[in-house]
1. In segment 100-135, what count of residues is obtained for those that are within 19 Å of M20 (Cβ to Cβ) and of a type in the set (K, R)?
2. Conditions first: (1) without any contact (Cβ under 8 Å) to a residue 60 or more places away in the chain; (2) under 26 Å from the mean Cα position of the chain (by Cα). C177 passes all but one, so which condition is the exception?
3. Consider L57 against the criteria (1) under 14 Å from the mean Cα position of the chain (by Cα); (2) not in a helix (DSSP H, G or I): it satisfies all of them except one. Which criterion is unmet?
4. Return the residues of segment 74-97 that are assigned to a loop (DSSP other than H, G, I, E, B), buried (at least 17 other Cβ atoms within 10 Å of the Cβ) and either within 12 Å of the ligand (Cβ to nearest atom) or not polar (S, T, N, Q) (or both); say none if nothing qualifies.
5. Given the options S130, S144, name the one that is surrounded by fewer than 24 Cβ atoms within 10 Å (Cβ to Cβ), in the same structural domain as T200 (by TED's automatic domain parsing) and more than 16 Å from the ligand (Cβ to nearest atom).
6. If I filter segment 133-146 for residues that are under 22 Å from the mean Cα position of the chain (by Cα) and farther than 20 Å from T56 by Cβ, do I get at least one hit?
7. For the subset of segment 45-73 comprising residues that are open to solvent by less than 10 Å² (accessible area, probe 1.4 Å) and not β-branched (V, I, T), which member is farthest from the ligand (Cβ to nearest atom)?
8. Every residue in segment 1-44 that is open to solvent by 30 Å² or more (accessible area, probe 1.4 Å), without any contact (Cβ under 8 Å) to a residue 60 or more places away in the chain and of a type in the set (A, V, I, L, M, F, W, C), please.
Amino acid sequence: MKNTVATIMKQKSEHDRITMLTAYDYSTAKLIDDAGAEMILVGDSLGMVMLGYEDTLSVTMEDMIHHTAAVSRGVKNAMIVADLPFMSYQTSVYDAVFNAGRLIKEGHANAVKLEGGTKFAPHIKAITDSSIPVVGHIGMTPQSVNMFGGFRVQGKSEQAALELINDARAVEKAGACAVVMECVPDKLAEYITDILTVPTIGIGAGNKCDGQVLVYQDMLGMYSDFTPKFVKKFGNIGEAMTEAFRAYINETKSGVFPSEEHSFKINDNIDFEKLERECRQNADR
Ligand code: KIV
């Protein structure tokens with residue numbers, strides 16, 4: 001069954017926790033979809049975990065469309081949310097609608113996500129008015145890393161907590177169908193989850209959000225450049241991959257691979273020199 005805005009709203013009302021994971025390519029998206037996650041996020045985190053940038057700021061619309069289209073080819077059931085990258089929506093409401101449209105038409109996403117609260121309410125409203133579902137993203141918003149002076153927990157002081165509550169309300173009022181909360185103290189995230197009618201999806205926001213999201217390379221132990229406190233490793237796939245790569249290298253160097261099992265056969269009696277000679281003679285005629 002395809003997950004939609006309606007099904008995730010139902011999950012909130014039934015206290016059925018929403019699971020979301022990032023994916024950036026066909027094969028991984030297919031595995032996550034088969035595992036049963038209700039939402040897949042093509043996050044601009046792809047700039048870091050797929051493209052090797054030190055933050056998300058260099059990610060382009062072309063990058064996002066390319067990866068979203070690959071994900072959409074692998075997914076049957078999950079609701080696909082694609083990030084609007086840095087400077088694809090901050091510049092104007094027009095750009096926000098135009099670029100959201102590209103993620104839907106060219107990337108085949110089901111919804112878009114953008115970072116920011118009250119200040120971006122007009123952008124969220126215009127996109128939803130164009131019939132494109134929007135997921136908000138508040139708290140630690142990585143596209144503002146230069147303003148924050150690093151990846152830091154947000155909403156810790158009373159003033160900051162109040163601003164975050166206002167942001168959450170503004171994003172919902174503007175029409176967002178869900179709100180991602182990143183690096184927010186758990187009590188504050190719980191309060192915001194209670195006052196919103198749309199689902200909250202936490203990442204470093206405690207256990208009381210309506211759902212959770214993680215970057216798949218983080219939870220599989222495949223990305224070691226930077227591991228935030230909120231990451232739990234559910235597997236050690238990075239190590240398993242390195243081991244498998246080493247085994248391939250060793251077997252190839254020693255001649256163990258490929259064995260007969262992985263080779264193709266031809267008639268054992270064939271004489272290739274004779275075959276070539278005959279071929280040449282035929283050509284000379
Ligand atoms: O880009 C991303 O992967 C995200 C998640 C961290 C929520 O925005």
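The values are calculated or read from the model by the stated rules, or taken from the named source; none is laboratory data. Since the structure is predicted, the reported quantities are computational estimates derived from the model, not experimental observations. Methodologically, a virtual Cβ is constructed for each residue, glycine included, from the backbone with ideal geometry; neighbour enumeration extends over all protein chains shown. Side chains included, ligands, DNA and RNA excluded: accessible areas come from the protein's heavy atoms. Shrake-Rupley method; radii C 1.70, N 1.55, O 1.52, S 1.80 Å.
1. Count: 1.
2. (1)
3. Result: L57 fails condition (1) only.
4. V75, A78, L84, P85, F86, Y89
5. Values: S144 fails: more than 16 Å from the ligand (Cβ to nearest atom).
Checking each option against the conditions leaves just S130.
6. Yes: one or more hits.
7. Just the residues of segment 45-73 that are open to solvent by less than 10 Å² (accessible area, probe 1.4 Å), to begin with: 46-47, 56, 59, 64, 68, 71.
In the following step, the residues that additionally are not β-branched (V, I, T) were identified as 46-47, 64.
Details: L46: 7, G47: 8, M64: 10 Å.
Going through the qualifying residues, I end up with M64.
8. Answer for segment 1-44, where residues must be open to solvent by 30 Å² or more (accessible area, probe 1.4 Å), without any contact (Cβ under 8 Å) to a residue 60 or more places away in the chain and of a type in the set (A, V, I, L, M, F, W, C): A6, L31, A35.
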